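A quick write-up on the structure given underneath.
The values are calculated or read from the model by the stated rules, or taken from the named source; none is laboratory data. If you're wondering where the values come from, they're calculated on a predicted model, not measured in any experiment. Cβ atoms come from the backbone with ideal geometry, glycine included; neighbour counts cover every protein chain shown. These accessible areas exclude ligands, DNA and RNA; they are computed on the full protein's heavy atoms, side chains included. Shrake-Rupley method; radii C 1.70, N 1.55, O 1.52, S 1.80 Å.
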Amino acid sequence: MRAIWKGAVSFGLVSIGVKVYSATEEKDIRFHQVHREDGGRIRYKRTCSVCGEEVTYDDIAKGYDIGGGEMVILTDSDFADLPLSTSHAIDVLEFVPAEQVDPILYNKAYFLEPEGTATKPYVLLRDALTDSERVAIVKVALRQREQLATLRVREGVLLLNTMLWPDEIRQPDFGFLDEDLKVRPPELAMASSLIDSMAGEFEPDAFTDDYRAALQEVIDAKVEGREVVQPEEEEAAPAAAVDLMAALKASVERARAARGEAPSDGGAEPTPISSARSAKKTAAKKATSGKATSAKKAPAKKTAAKKTPAAKKTTAAKKTTAAKKTAKKTAPKKSA
């Protein structure tokens, strides 16, 4: 790494000489603009819009547009006279809890390396910051601009995080913020369940830039003159959910399936949707059971109806037989 800045950390009456290095680097694949026909690089000339002449870097100054076609021209001497008291120092202003610094303020990160005999005070500040569980709020001038920053410890090294100024943070102004939208408790409970099912420990190395890897594969294939193998298409994004609760429920089940867990209906605590489904199943079983009972009783009634005429015939026959016997007994005997 190459140091981009040298200065000192002013810690009370202690001064710690340091070198500043960029802590991050962009891995984007960069392209040149070229002529499609022959691959020649496209060059741009710096020309003046007034006289049309090409201008060298030495003849270029900074201009501030004040409107109405008027321009105020500033030269290097104008910037050199600015009162940047922190031009070669990182002044510690105060120490604050890290959670009080909103991450939206963070801009760029730089490593600080102790220079010369500054190693011992450097280590002292590093260990003191670690023990205090706080970050240092500092001011520093980088590239002719005064910036607010924090000092914290990362992997045994002091890390300088430059920050945006508060007035550089835009205020959100969206219509939905004024709407009176109510979230139902079951929806909130289901959303919380989804968050729990997708909870994990953040491991940055587990994530990769798939687009950059695919683009690099295309470039390598072009260089080697081979055919590019198209990657598998990812699952299309689902359409906007009509039933929010159903979508949340499906999302929970999908997350659990991805983790190899059993579905929520399998002994887990019932959710509003699973309870409703269970109630519907119970009602359906009761209705089916009622129909089956009615079907069994129906043949019994028909059997009883069939036996009734037979019973009447038997009774009539018995009565006829009894009448005949009575008539024989009462009839007069014939004389010899």
In order through the range 122-136: 3J(HN,Hα) via Karplus (6.51 cos²θ - 1.76 cosθ + 1.60), integer Hz, x for Gly, Pro: 4, 5, 4, 5, 4, 5, 5, 5, 5, 5, 7, 6, 10, 10, 8
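Give me the percent of accessible area attributable to carbon and sulfur for the range 90-141, probe 1.4 angstrom. Each step should come with its number before you reach the end.
Values: 1570 of 3000 Å².
Carbon and sulfur together cover 52 percent of it.
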What distance in nm separates the two pseudo spin-label positions at Leu181 and Asp220, each 7 Å out from Cα along the beta-carbon direction? 4.4 nm
Using θ = phi - 60° and Karplus 6.51 cos²θ - 1.76 cosθ + 1.60, couplings along the range 23-34 (whole Hz; Gly, Pro as x): 8, 10, 8, 7, 9, 4, 7, 9, 10, 9, 7, 10
Exposure rank, largest accessible area first [Leu248, Leu181; 1.4 Å]: Leu181, Leu248
By its C-alpha gyration tensor, with a ≥ b ≥ c as the square roots of the eigenvalues, how is the range 172-218 shaped: rounded for a/c under 1.5, else prolate for a/b larger than b/c, else oblate? oblate
With a ≥ b ≥ c the root eigenvalues of the C-alpha gyration tensor of the range 100-171, is it rounded (a/c under 1.5), prolate (a/b larger than b/c) or oblate? oblate
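Rounded, prolate or oblate, given the Cα gyration tensor of the range 24-83, with a/c below 1.5 counting as rounded? Mind showing how you got there, number by number?
Values: a/c = 2.65, a/b = 1.55, b/c = 1.71.
Because a/c hits 1.5 or more and a/b fails to exceed b/c, the range 24-83 counts as oblate.
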Could you work out the relative contact order of the range 1-124? I mean the mean sequence separation of Cα pairs under 8 Å and 6+ apart, divided by the number of residues, in percent. 37 percent
Debye calc, one equal point scatterer per Cα of the range 114-222, no solvent, log10 I(q)/I(0) at q = 0.17, 0.20 1/Å comes to -1.03, -1.06
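For the range 122-175, what's the relative contact order in percent, using C-alpha pairs closer than 8 Å and at least 6 residues apart?
Details: 59 pairs, mean separation 13.6, N = 54.
Relative contact order of the range 122-175: 25 percent.
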Tell me which residues come under 5 Å, amide H to amide H, from Leu142 once H is placed; ignore anything under 5 positions away on its chain. Gln147
Protection proxy ranking, peptides 165-178, 189-202, average beta carbon neighbours within 10 Å, highest first: 189-202, 165-178
Filtered GluC sites (Glu not before Pro), the range 55-146: DSSP coil and at most 11 other beta carbons within 10 Å: Glu133
